[in-house]
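All of the numbers you see were taken from the coordinates with simple rules; none came from a lab. Please read all numbers here as calculations on a predicted model, not as lab measurements. Cβ placement follows ideal geometry from the backbone for every residue including glycine, while neighbour counts extend to all protein chains displayed.
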Amino acid sequence: MKKFLITMALFSHTALSASLPPASEYEVPQLNKPQIRQADILPYLEKVKQNPLFRTEQVGESYLNRPVYRISIGEGPVTVLMWSQMHGDESTATPALFDLINRIDKDQRWRQSWTSQLTLHMIPMLNPDGAELAQRHNAQSIDINRDARDLQTPEGRILMQQAQQLEPDFGFNLHDQSRFYSAGPVAQTATISLLAPAFDEAKSISPIRQRAMQLIGVMKQVGDELIPEKMGRYDDTYAHRAFGDTLAGMNISTILIEAGAYPGDLSRQAARRVTLAMLETSLDSIASKSYLGVDLGPYHDIPMNEREAFRDVIIQDLHVNERHSYRIDIALDLDLPEADRARIKDVGDLSPFYPFFEFDASDWHYQSGKAYALTQPIELTDGRYLELLQEGYSHFEGDAALLNNQSELPVVINHPDTPAQRPQRNDSAVFFMQHKNGRKIAVLNGLLIDLSAAKVLNSYNT
């Protein structure tokens, strides 16, 4: 059960915006959502099972006995293995794999150009239990990607068994990264990050790892075209427990694709489309061996991504007058994609960070909010709600059934925390800002509402 309820019918799209890369004609419908669960892909899995082009096999079960499938095609001597959603809340690559399957099915000419050279195996959604719970870990609360040595998870054992049985030449490890990554020290989101993971502490470049780096050089061309300046290189610090690093040490040329944020794209369709294009190009290049003509320059030219470079919202230079008078920046974490509990992520000098949405509060000062007790029925029209907000009521407490909400503005009910007299890290993002000329802004679960205009200034987006 959610700790509190926020209802909202009005959204303002004032976040950073950019045109999405074009959709593939083979894009599978109904998978345009931030969180993909097994129920979402089962209809497509059933179609693949009935398709004689593909060999579909259940290769194991999750901890809670959900089936895990491998889909295969091709008869070539070079083996390629792809797997997605090892982390249950990292959904982007799973739709991309079904888009790829759809193209393989529909585009006979393209399919025939490589199936005699390659054998392709795909495991969509390795962690269906985590996907169901929208969490990183599996049902045992174990990070599967840190179980490559101990193999205490059934999902980890499935992946290791497949790697040992199939002995792939190339492995594509498909993940999602935080929306806060930048593509280098710039105000550009890392929509895709790539890596040829290290297989030892020295980060040695063996012929097997070099082959992965060369192929990433080919993939970089796709990113440069579709998401210019929005591609990063992931940290290659060796992690002995991780599957990518472990498989790279098993003579598998391993490629990590981390899908990330794109301006205004909460469900990560930009990263989905680029991932598909990169996988398609990789299959072409592996089959033709064109990657062998690529040196390591393009790989090293990809800027190292920077973790925690972005913030969802930065309120700049807000005046706080409590025991002492001081000015601070406030960063809000909108808790995307569900936005269940937006919070204050950081306070202080936040000039090093890039905001998805920023607000200049140099002429505003902070005010805490108070609760309106629901002890009798109330009809909440826009007019009545604006009156309550102007009076300093930031949220409602009590029996939510007593509130007849007719307002199109955000409403917070049964707030879990008492609003602080001064902004604190990890507090819920519910407070007010008062302008020196008397105007007022309510911050309700991370959304900024100009009360004089009854307008939401930001949105739940990147």
Report relative contact order for the chain in percent, whole number only (criteria: Cα-Cα under 8 Å, sequence separation at least 6).
-> 17 percent
The rounded separation in angstrom of the Cα centers of the range 405-462 and the range 191-229 is 43 Å
Length released on extending from TYR63 to ALA453, taking residue separation times 0.36 nm less the Cα-Cα span = 135.2 nm
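If each DSSP helix of 4+ residues adds -39,500 (n - 2.57) and the sum is divided by the residues in the chain, what number results at 222 nm, nearest 500 deg cm²/dmol?
After summing the helix terms and dividing by the residues of the chain, the value is -7000 deg cm²/dmol.
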With an 8 Å cut-off on Cα pairs and a minimum separation of 6 or more residues, tell me the relative contact order of the range 31-301 in percent.
-> 22 percent
Measuring from the longest principal axis of the C-alpha atoms of the chain, the long axis of helix 207-226 (C-alpha) lies at a number of degrees, nearest 10, equal to 50 degrees
Would you mind checking which residues have amide H under 5 Å from THR381's amide H? H placed 1.01 Å from N; only 5 or more apart, or other chain.
-> GLN406
Quick calc, ARG55 & GLN161: beta-carbon distance into FRET formula, R0 22 Å, rounding 0.05, result 0.85
Would you kindly state how much longer the chain becomes between GLU201 and MET250 on full extension, computed as 0.36 nm times their sequence separation minus their alpha carbon distance, in nm to one decimal?
-> 16.1 nm
With the Cα gyration tensor of the range 31-301 giving a ≥ b ≥ c as the square roots of its eigenvalues, does the rule (a/c under 1.5 for rounded; else a/b larger than b/c for prolate; else oblate) give rounded, prolate or oblate?
-> rounded
The exposure ranking of ASP265, ASP169, ASP317, fewest beta-carbon neighbours within 10 Å first, is ASP317, ASP169, ASP265
Note the angle between two axes, namely the Cα long axis of helix 38-49 and the longest principal axis of the Cα atoms of the chain, as a number of degrees from 0 to 90, rounded to the nearest 10.
-> 30 degrees
Plugging the Cβ-Cβ distance of SER116 and ASP340 into 1/(1 + (r/R0)^6) at R0 = 56 Å yields, to the nearest 0.05, a FRET efficiency of 0.65
How far, in nm, would the chain grow between ASP317 and GLN424 when pulled straight, counting 0.36 nm per residue and subtracting the alpha carbon separation?
-> 37.0 nm
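Let's see if you can work this out: charge +1 on each Lys and Arg Cβ, -1 on each Asp and Glu Cβ, no other charges. What is the dipole magnitude of the range 31-301 about its Cα centre, in debye to the nearest 20?
420 debye
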Along the range 189-203, Karplus-curve 3J(HN,Hα) (6.51, -1.76, 1.60; θ = phi - 60°) to the nearest Hz, with x for Gly and Pro, reads 5, 8, 5, 9, 10, 10, 7, 9, x, 6, 10, 8, 4, 6, 6
Ordered by residue, what ³J(HN,Hα) values in Hz, to whole numbers, does the range 168-175 give under the Karplus form 6.51 cos²θ - 1.76 cosθ + 1.60, where θ = phi - 60° and Gly and Pro are x?
-> x, 7, 10, x, 10, 9, 9, 9
At GLU229 and ASP107, where each label point lies 7 Å from the Cα along Cα→Cβ, what is the point-to-point distance in nanometres?
-> 2.9 nm
